[in-house]
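The values are calculated or read from the model by the stated rules, or taken from the named source; none is laboratory data. Here the structure is a predicted model, which is why all the values come from computation and not from measurement. Virtual Cβ from ideal backbone geometry, glycine too; neighbours counted across all protein chains shown. Just so you know, the surface numbers come from the protein's heavy atoms only, side chains and all, with ligands and any DNA or RNA stripped out. Shrake-Rupley method; radii C 1.70, N 1.55, O 1.52, S 1.80 Å.
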Amino acid sequence: MPRPSSVLAALALIGVLAVPALAGGTGEEAPQFTEEFLNDTDVLAKGQEIWVEQCQFCHGKNAYPGKAPKLKPRKYTPEFVYKRVTKGFKGMPGWDEVYNQEERMSVTAWVKNKDFSN
Ligand code: HEC
């Protein structure tokens with residue numbers, strides 16, 4: 001019968017180890033999407049560049065129908081877009097080994113920008 005205190009210590013340790021996994025498994029801090037960041041012109045320029053280079057191919061209007069869904073940015077939170085971009089989902093590739101966190105945040109900001117179109 002283990003002492004209750006050692007059980008608690010073990011649970012606390014599991015908690016500490018599980019946190020980075022929940023954050024996406026990359027060990028990165030969860031990003032903060034402030035209004036300032038989302039409206040920064042340098043960030044948006046970088047994000048648009050990434051979108052044109054990597055995302056439009058599947059999501060853009062010139063992609064063949066059914067390849068990837070047309071994005072509906074108004075329905076997404078920045079956190080959702082960031083998560084899809086980072087980890088991917090089914091037919092959607094993850095980009096965490098291609099782009100650093102700031103780059104993935106930038107393309108997220110672009111997708112959420114009022115000037116964004118597929
Ligand atoms: C190889 C093709 C491909 C590329 C490249 C690609 N995507 Fe996707 N993406 C998909 C597919 C397919 C889905 C749908 C996955 C599902 O839900 O089944 C998707 C889903 C998404 C979603 C969620 C849409 C929703 O309504 O649930 C977002 C957001 C997204 N992609 C953003 C991006 C961004 C930003 C990029 C560029 C960094 C990108 N994608 C590059 C194929 C692609």
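Note on surface exposure: ARG74, ARG104, ARG84 rank ARG74, ARG84, ARG104 by accessible area, highest first, 1.4 Å probe.
MET105 contributes about 20 Å² of solvent-accessible surface, heavy atoms of the protein only, 1.4 Å probe.
Taking Cα centre as origin and charging only the Cβ of basic (Lys, Arg, +1) and acidic (Asp, Glu, -1) residues, the dipole magnitude of segment 48-118 rounds to 580 debye.
Heavy atoms only, probe 1.4 Å: what % of the accessible area of segment 43-118 goes to carbon and sulfur, would you let me know?
On the way: 2640 of 4880 Å².
Reported share for carbon and sulfur atoms: 54 percent.
Just to confirm, what accessible area per residue do you get for segment 34-118 at 1.4 Å probe, in whole Å²?
Details: 5670 Å² over 85 residues.
I get 67 Å² per residue for segment 34-118.
A probe of 1.4 angstrom, applied to the heavy atoms of all protein chains, finds GLU35 with accessible area near 130 square angstrom.
Just so you know, the Rg over Rh for segment 24-77 is 1.04, from Cα atoms, with Rh as the Kirkwood radius. Per the Debye formula on identical point scatterers at the alpha carbon atoms of segment 31-112, with no solvent, log10 I(q)/I(0) at q = 0.14, 0.18 Å⁻¹ is -0.42, -0.71.
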